[in-house]
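Following: one structure in structure tokens, then a few remarks.
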Amino acid sequence: MEALTQLIAARRAGTGVEDGPLSPRVTDLRVRWEGLPDWWREGGNLLLFGEGSHMPEFKVDAVRGPPRRSVVAIGRDSRFLCMTLGQEGALVAIGDKTIAPLGALSCYGSSTVLVGEGTTFTSWAMLDCRNGGTIVTGPDGMWAHNVSLMTDDTRAIRDAATGRRLNTFGGRIVIDRHVWLCERTRVLDGARIGPDSIVGLGALVKRCVIPPNSIAVGVPARVVRSGVTWSRKDAP
């Protein structure tokens, strides 16, 4: 567990994401080999699995092949549908009591995905992190149907004359604690969403900062109200 903490801290330091409340709480971890495909052990990968959690389906990327020397930590009482890993050095940590029964995650190369404890996904959600990118989400997030997070566009767009890449390669997404992502929200590279905020239906958040206690809507997302918070209870 101490080694995992140090690994998470090192990855965060390398991307400029501060430590502290956004480090997922992952407890009751044990090394697990049973139920894993042969390529998992052959590639020197490690699964740390919490008590009471559901084993996700691990998939191989058809282009990148099986992962090598990657680490996945799933805290206790958590559920995640499937994970696709590829290349070398991926790090995934899913916090305690994270419920994502239709959550799909892809993490390639030396990329990092950290999902805070107590995060819940209503139904389908997708996280895609590649090219050394980073996705960090704080605890107690609430994600509605068909939410997606992508650190880059998965293909290069280049200047025709110079060949220089124009779109992000290995971006960063940071979502703070207690953030509500409404249905069909898209969060892309360069997004930073502050605590206690709400991102409205169908919004697109890219290369912008949404302050704490804000409501943001639209394409691209813009803040339409400040000084708010939200509760999971639908009470008057």
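The values are calculated or read from the model by the stated rules, or taken from the named source; none is laboratory data. Since the structure is predicted, the reported quantities are computational estimates derived from the model, not experimental observations. No Cβ is skipped: glycine too gets one built from the backbone with ideal geometry, and neighbour counts run over all protein chains shown. Surface accessibility is based on the protein's heavy atoms, side chains included, excluding ligands, DNA and RNA. Shrake-Rupley method; radii C 1.70, N 1.55, O 1.52, S 1.80 Å.
Subtract the Cα-Cα distance of L166 and T27 from 0.36 nm times their separation in residues, and report this length gain in nm to one decimal.
45.9 nm
Restricted to Cα positions, what overall size does the chain have along the principal axes? Three whole-Å values, descending.
That gives 56, 51, 30 Å along the principal axes, largest extent first.
Taking only protein heavy atoms into account and a 1.4 Å probe, give the accessible area per residue of the chain in Å². Don't skip to the end; give the middle numbers.
Values: 10810 Å² over 236 residues.
For the chain, the per-residue accessible area is 46 Å².
What is the set of long-range amide H partners of E117 at a cut-off below 5 Å, with H atoms built 1.01 Å from backbone N?
Correct list: R25, G95, D96, D140.
Kindly provide the pair-distance distribution of segment 98-154 built from C-alpha pairs, with 5 Å bins from 0 and whole-percent values in order of increasing distance.
6, 19, 31, 25, 14, 5
In nm, give the distance between the simple-model label positions of R69 and C208, each being 7 Å from the Cα along the Cα-to-Cβ direction.
So the two model labels end up 4.0 nm from each other.
Calculate one ³J(HN,Hα) per residue across segment 172-188 by plugging θ = phi - 60° into the Karplus curve 6.51 cos²θ - 1.76 cosθ + 1.60, and present them in order as whole Hz with x for glycine and proline.
Rounded to whole hertz, the list is 9, 10, 10, 10, 7, 5, 6, 10, 9, 9, 6, 3, 6, 5, 10, 10, 10.
Highest mean first, what order results for 103-112, 187-196, 206-215 on Cβ atoms within 10 Å?
On the way: 103-112: 23.9, 187-196: 21.1, 206-215: 17.2.
Per-residue mean Cβ counts within 10 Å order the peptides as 103-112, 187-196, 206-215.
Mind checking which of S106, G44, M83 is farthest towards the positive end of the chain's charge dipole, using Cβ charges of +1 (Lys, Arg) and -1 (Asp, Glu) about the Cα centre?
S106
Taking the Cβ-Cβ separation of A10 and D234 as r and a Förster radius of 41 Å, what is the calculated FRET efficiency to the nearest 0.05?
0.50
May I ask you to list the lysines whose Cα is less than 23 Å away from that of K233, ignoring any residue fewer than eight positions away on the same chain?
Straight-distance partners of K233: K97.
Ignoring everything except DSSP H segments at least 4 long, calculate the 222 nm mean residue ellipticity for the chain; use -39,500 (n - 2.57) per segment, divide by total residues, nearest 500.
Numbers: 2 runs with 19 residues, N = 236.
After summing the helix terms and dividing by residue count, I get -2500 deg cm²/dmol.
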